[in-house]
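**Student:** Next up is a structure, given as structure tokens.
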Amino acid sequence: MNRRFLFLLGSSRSEGNTELLARRAAEQLPASVEQEWIDLAAHPLPDFEDLRHDSDHVRPTEGNTGFLLDSTLAATDIVIASPLYWYSVSASTKRYLDYWSGWLRTPGIDFKKTLAGRTLWGVTALAHEEGEVADPLIGTLNHSAAYMGMRFGGVLLGNGSKPGDVLKDTEALARAKTFFAQDAPLARFPYDV
């Protein structure tokens, strides 16, 4: 399968620092790698309704839910580009990840089996100089990947608050040049050794 990157933009601001950093990293991908960019604000999902223990799950085929499911299933690499909002992912990003719970139980798609072995990546901009404050966001993505049997490429961190600030973060821009070139290990929970 040829590599196909799905970039999910989880910011409430168009062309914000997180998106700018993600686009810089994506510029380094070979031309043969297909890229799909989806702004979650432009494709909002309704509030997630937990129907895990109900029996009539159906595959969504219409609207934003069907569109996001199809794009997720088609991707070899999923990039969550969410700013650090209150030390975790944005609400639209969290809602998208919540939908994974429903997709796990959707007949005929084998969601977990399909995503197993694929790679989850993260990109985020934060206002703090100390990257440790992004640990909850990193944990959310790593643990989601571990549960799904995916690889986890880590999170590209950049510093920026005002629009365009991240373009002054020379260290983040340097990391962006090689971020997607690294080999992503299989994600593990902290208790797995």
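**Student:** Answer with yes or no whether Pro136 is at pLDDT 95 or above and either within 18 Å of Pro83 (Cβ to Cβ) or among the hydrophobic types (A, V, I, L, M, F, W, C) (or both).
**Tutor:** For Pro136, the condition - at pLDDT 95 or above and either within 18 Å of Pro83 (Cβ to Cβ) or among the hydrophobic types (A, V, I, L, M, F, W, C) (or both) - is met.
**Student:** Can you name the number of the only condition in (1) polar (S, T, N, Q); (2) modelled with pLDDT under 95; (3) under 27 Å from Asp165 (Cα atoms) that Ser101 fails?
**Tutor:** The failed condition is (3).
**Student:** Are any of the residues in the stretch 135-144 over 19 Å from Tyr96 (Cα atoms) and touching a strand residue (DSSP E or B) at 6+ places or on another chain (Cβ under 6 Å)?
**Tutor:** The answer is no; no qualifying residue exists.
**Student:** If I ask for residues that are closer than 25 Å to Asp98 by Cβ and either part of a strand (DSSP E or B) or hydrophobic (A, V, I, L, M, F, W, C) (or both), which ones from the stretch 1-20 would you list?
**Tutor:** Arg4, Phe5, Leu6, Phe7, Leu8, Leu9
**Student:** Please note which helices (runs of 4 or more DSSP H) are completely contained in the stretch 76-193 and include at least 1 residues that are surrounded by 14 or more Cβ atoms within 10 Å (Cβ to Cβ), in contact with a Pro (Cβ under 9 Å, 6 or more places away or on another chain) and among the basic types (Lys, Arg).
**Tutor:** The helices (runs of 4 or more DSSP H) meeting that bar are 91-104.
**Student:** Cβ-Cβ below 9 Å, separation at least six or inter-chain, first residue in the stretch 11-29 and on the phi > 0 side of the Ramachandran plot, second in a loop (DSSP other than H, G, I, E, B) and among the small types (Gly, Ala, Ser): which pairs?
**Tutor:** Glu15/Gly164
**Student:** Another question about this same structure. Working only within the stretch 30-48, note down all residues that are in a loop (DSSP other than H, G, I, E, B) and in contact with a helix residue (DSSP H, G or I) (Cβ under 7 Å, 6 or more places away or on another chain). Talk me through it step by step, then tell me what you get.
**Tutor:** Here is the first cut: in the stretch 30-48, the ones in a loop (DSSP other than H, G, I, E, B) are 30-33, 40-48.
Scanning the stretch 30-48 gives Leu40, Ala41, His43, Pro44, Leu45, Phe48.
The values are calculated or read from the model by the stated rules, or taken from the named source; none is laboratory data. In this text, all values refer to a predicted model and were calculated from it rather than measured experimentally. Methodologically, a virtual Cβ is constructed for each residue, glycine included, from the backbone with ideal geometry; neighbour enumeration extends over all protein chains shown.
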